[in-house]
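Novice: Pasting in a structure now, in structure tokens, and then I'll have a few things to ask.
The values are calculated or read from the model by the stated rules, or taken from the named source; none is laboratory data. Quick caveat: nothing in here was measured; it's all calculated off a predicted structure. Neighbour counts are summed over all protein chains in view; Cβ atoms, including those assigned to glycine, are modelled from backbone coordinates with ideal geometry.
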């Protein structure tokens, strides 16, 4: 087949595209020899393409990696999976190793042109560095949460005990104020712990029908004479405990800022859902700041509730924004949500 033939021109175009990729691409024949690699593959390996083509693919990897790839291929051949995914240490010609993710598919039928499988290898060193940084950050957050729980709750417990003794001796509005301060400190501690431990990220996601779930969350919050309206029959995929944190903090925020007679509405949104109220709303100039830790416009607010909401949304991979509701109150919109059929 000449380079000037239509088929030859088509192949050249494909090779040009493949050589422009940041990922390594390879193709292997049924006998295990390399049929094709792009420039990125050769660059990562540290040899020329000519040195790779025609050689045994497993001659360029460790035995451990070869065995893992064979195991995945057996699962694919048995129909247990359609695409093979293997994370391993890429081995260069000079003996250097670095983490990569390989995805490959088996090629069958006449269209395979004598190939057995094709794959893509991605350098994931930067991703691994980010994961390690996040892991260290989460460890520090967990340590912080433990310190908060121990070092703040212990003296708070002592203060409460002393307060009870003082109340046995006399009754005073000043002691009532101390009790209120203790309750506020406990709320602050709970919010700090919740915000810190959100750094653990999302747990196992599951399909959650919003109507039943929101109604259950509503029962777990002091809502006074507030009213709940659920205008959705949608389900979402999310971590149940994280989603409960999100809804309960939004409900508390609505009651805190709009009063005990507020109406909270949960409804559908393209690609997600919204939670709205009929309270005084959030001024447009303050909407970007409401998710900042410590920011609160309420006299008794801790400034952590909406920061927790944003943190929970982030662990689920969602986007959250705030705007004005149809009744002039606050409307929190969550998009990028996994909404199963």
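Novice: Could you list all residues from the stretch 220-249 that are touching a strand residue (DSSP E or B) at 6+ places or on another chain (Cβ under 9 Å) and part of a helix (DSSP H, G or I)? Show your work before the answer.
Specialist: Of the stretch 220-249, the ones touching a strand residue (DSSP E or B) at 6+ places or on another chain (Cβ under 9 Å) are 223, 226-240, 243, 246-247.
Of everything in the stretch 220-249, those that are touching a strand residue (DSSP E or B) at 6+ places or on another chain (Cβ under 9 Å) and part of a helix (DSSP H, G or I) turn out to be 240, 243, 246, 247.
Novice: Restricting the search to the stretch 141-170, which residues are over 18 Å from residue 186 (Cα atoms) and assigned to a helix (DSSP H, G or I)?
Specialist: Of the stretch 141-170, the ones over 18 Å from residue 186 (Cα atoms) are 141-143, 165-170.
Answer for the stretch 141-170, where residues must be over 18 Å from residue 186 (Cα atoms) and assigned to a helix (DSSP H, G or I): 141, 142, 143, 165, 166, 167, 168, 169.
Novice: Scan the stretch 53-68 for residues that are surrounded by fewer than 20 Cβ atoms within 10 Å (Cβ to Cβ) and either in contact with a strand residue (DSSP E or B) (Cβ under 6 Å, 6 or more places away or on another chain) or outside any helix (DSSP H, G or I) (or both) and jot them down.
Specialist: 53, 54, 55, 56, 61, 62, 65, 68
Novice: I'm checking my understanding of the structure. Among residues of the stretch 257-292 that are farther than 12 Å from residue 331 by Cα and touching a helix residue (DSSP H, G or I) at 6+ places or on another chain (Cβ under 8 Å), which one is surrounded by the fewest Cβ atoms within 10 Å (Cβ to Cβ)?
Specialist: That would be 292.
Novice: Please give the number of the condition residue 161 fails out of (1) loosely packed, with under 15 Cβ neighbours inside 10 Å; (2) at pLDDT below 85.
Specialist: In the conditions (1) loosely packed, with under 15 Cβ neighbours inside 10 Å; (2) at pLDDT below 85, residue 161 misses (2) alone.
Novice: Just to verify a result, which residue in the stretch 235-256, among those that are surrounded by fewer than 19 Cβ atoms within 10 Å (Cβ to Cβ) and either outside the structural domain of residue 318 (by TED's automatic domain parsing) or at pLDDT 90 or above (or both), is nearest to residue 337 (Cα to Cα)?
Specialist: Looking at residues that are surrounded by fewer than 19 Cβ atoms within 10 Å (Cβ to Cβ) and either outside the structural domain of residue 318 (by TED's automatic domain parsing) or at pLDDT 90 or above (or both), I get 237.
Novice: Starting from the stretch 24-36, keep only residues that are farther than 11 Å from residue 116 by Cα, then list their pairs with residues that are surrounded by fewer than 18 Cβ atoms within 10 Å (Cβ to Cβ) and at pLDDT below 90 whose Cβ atoms are within a distance under 9 Å, requiring at least 6 positions of separation or different chains.
Specialist: What qualifies is 25/19; 36/15; 36/115.
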